[in-house]
């Protein structure tokens, strides 16, 4: 399908392909994809005036008395859905959410990211992101029953998910999404498909598309795919290692050929910003109770706030695959997980890094030793702190963060905190299987 950018282009494509419906996609505060379908006859009006809908039942959106919302489709995001029938196909477009007076709606996560990217653009910066989303295939959504016993980079016959990954890659490519590579991950039934880096808003849209594509292709094959951070006890959880760089015009401002690490002053300050604000943004990048079952020592997930070049036990790593190559110079933030809201997560990452640049934070020395093997005293002597150990602790840090509040905006900030507190209360009042099996026989 040719690259189309205007409403007229889309109207012609819909006619040429005899599209039956077009899904309008948008995201709630928690990152859950929402949609409603319109017929081709409604598209001209949708492009000029948007389509009204009731936002009162969307998590984090409006109260009942303020529920009228308008979805305005982004024509550049139009694609046909490859998992739908080829005859009378279905298309999709991402939408911006507006209020009836035409102003951007403050609770729209896409707008939150757009607002932060606009601040970077004012300084001449373009923010590029390359997330690596891991996920699991299970036999159903009723229980985490694995479909293979493969390990890292294993191939057939151990890796039964290879055909599912291949089908998923073909579907992503049909939607114009470039895939760099895919492989089996460390845990049984755990997989990864890596997308080629892109500008942050485009990549947030692609992340949402990636997640639903993985799930739809799995569903068509009678399998369930999940981005739950830690579904299996005793195995590695799923992360979303996020590669980041800032460009000015066509120049990577993170690159300095004369530095021992090939990192510019801006890059070092950006890393320092992520390090300093890591604890307060963790509730956004790791937003579920289950996220903190992954962030524990011993399963490769970064727990300790530190950086390095080669050390994969640190929270931030500077990849050395192509040392000295300007466009390949980037930083890898390893704490986030794939169940976050990508629009909000990318926004707070950029805010933390940009604050580091603006305030010229000093970057501590890299930690190349295995931090997991350090004693508590050794970590303390090296000034290495830990990420929050629970959603409760993460929300406590987030709620006190001026940076997060300003980045998300008052509406999203309060709705997000409110939802996370409810989630924590529901979790802490549950009696789980461990407690029954551990305490019932002995107390």
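Quick note: the coordinates plus some simple rules give every number you see, no bench work behind them. A quick note: this is a predicted structure, and the numbers were derived from the prediction, not measured. Cβ: placed from backbone, ideal geometry, glycine included. Neighbour counts: every protein chain shown.
Looking only at 415, 385, 88, which one moves most when the chain is put into a Gaussian network model with springs between Cα atoms under 10 Å?
Looking only at 415, 385, 88, the largest GNM fluctuation is found for 88.
Select from 174, 12, 430 the residue whose mean-square fluctuation is largest in a Gaussian network model of the chain (Cα-Cα springs shorter than 10 Å).
430
Go ahead and collect, in residue order, the members of the range 13-48 whose backbone nitrogen is under 13 Å from a label point 7 Å along the Cα-Cβ direction of residue 219.
Flagged as within label range: 33-35.
How far apart, in nm, are the 7 Å Cα→Cβ label points at residue 309 and residue 149?
About 4.1 nm separates the two model spin labels.
State whether the range 332-443 is rounded, prolate or oblate according to the following rule on the C-alpha gyration tensor (a ≥ b ≥ c being the square roots of its eigenvalues): a/c under 1.5 gives rounded; otherwise a/b larger than b/c gives prolate, and the remaining case gives oblate. Show your work: numbers first, answer last.
Numbers: a/c = 2.59, a/b = 1.23, b/c = 2.11.
Taking the square roots of the gyration eigenvalues as a ≥ b ≥ c, the range 332-443 is oblate.
Using a Förster distance of 22 angstrom, determine the FRET efficiency expected from the C-beta separation of residue 170 and residue 90, and round it to 0.05.
0.80
How much length is gained if the chain between residue 67 and residue 12 is pulled fully straight, taking 0.36 nm per residue apart and subtracting their Cα-Cα distance, in nm to one decimal?
16.5 nm
Rank these for me by crowding, 129, 212, going from fewest to most other beta carbons within 10 Å. Numbers along the way, then the final one.
Numbers: 129 26, 212 16.
Ascending number of Cβ neighbours within 10 Å: 212, 129.
On a full-extension model of 0.36 nm per residue, what is the gain between residue 196 and residue 259, subtracting their alpha-carbon distance, rounded to one decimal in nm? Walk me through the intermediate numbers first.
Values: separation 63, 0.36 × 63 = 22.68 nm, distance 2.66 nm.
Here the segment from residue 196 to residue 259 would lengthen by 20.0 nm.
Starting with the fewest neighbours, write out 343, 392 ranked by other beta-carbon atoms found within 10 Å of each beta-carbon.
If I rank by nearby Cβ atoms, fewest first, I get 392, 343.
Between the range 367-443 and the range 201-270, what is the C-alpha centre distance in whole Å?
Comparing the Cα centres of the range 367-443 and the range 201-270, I get a distance of 22 Å.
Starting with the highest mean, order 186-197, 401-412, 348-359 by the number of other Cβ atoms within 10 Å, averaged over the residues of each peptide.
Descending packing order for the listed peptides: 348-359, 186-197, 401-412.
Which of the three applies to the range 7-105, rounded, prolate or oblate, going by the alpha-carbon gyration tensor with a ≥ b ≥ c and a/c under 1.5 meaning rounded?
prolate
Over the chain, what is the relative contact order in percent, taking alpha-carbon pairs closer than 8 angstrom and at least six residues apart? Walk me through the numbers before you get to the answer.
On the way: 861 pairs, mean separation 64.2, N = 443.
Reported as a whole number, the value is 14 percent.
Run the helix sum for the chain: -39,500 (n - 2.57) per DSSP H stretch of 4+ residues, divided by residue count, reported at 222 nm to the nearest 500 deg cm²/dmol.
Taking each H run of at least 4 residues, the total per residue is -11000 deg cm²/dmol.
Which order, highest average first, do 432-443, 133-144 follow once you tally other Cβ atoms within 10 Å for each residue and take the mean per peptide?
Going by the mean number of other Cβ atoms within 10 Å, highest first, we get 133-144, 432-443.
On full extension of the chain, what length is gained from residue 123 through residue 20, given 0.36 nm per residue of separation minus the C-alpha to C-alpha distance?
32.7 nm
What FRET efficiency, computed as 1/(1 + (r/R0)^6) with R0 = 60 Å and r the Cβ-Cβ distance, is obtained for residue 432 and residue 83, rounded to the nearest 0.05?
Using R0 = 60 Å, I get an efficiency of 0.95.
How far apart, in nm, are the 7 Å Cα→Cβ label points at residue 5 and residue 56?
A separation of 4.2 nm, rounded to one decimal place.
Gaussian network model of the chain, Cα springs within a sub-10 Å range: biggest mean-square fluctuation belongs to which of 11, 263, 387?
Per the Cα network of the chain with a 10 Å cutoff, 11 tops the list.
Would you please give the FRET efficiency between residue 400 and residue 362, computed as 1/(1 + (r/R0)^6) with r the Cβ-Cβ distance and R0 = 35 Å, to the nearest 0.05? Show your work: numbers first, answer last.
On the way: r = 23 Å, r/R0 = 0.66.
Once the sixth-power term is evaluated, E becomes 0.95.
What distance in nm lies between label points placed 7 Å from Cα along the C-beta direction at residue 48 and residue 375?
With each label placed 7 Å out from Cα toward Cβ, I get 7.6 nm.
Which of these values of Rg/Rh (Cα atoms, Kirkwood Rh) was calculated from the structure shown: (1) 0.96; (2) 1.01; (3) 1.10?
Here Rg/Rh (Cα atoms, Kirkwood Rh) agrees with entry (1).
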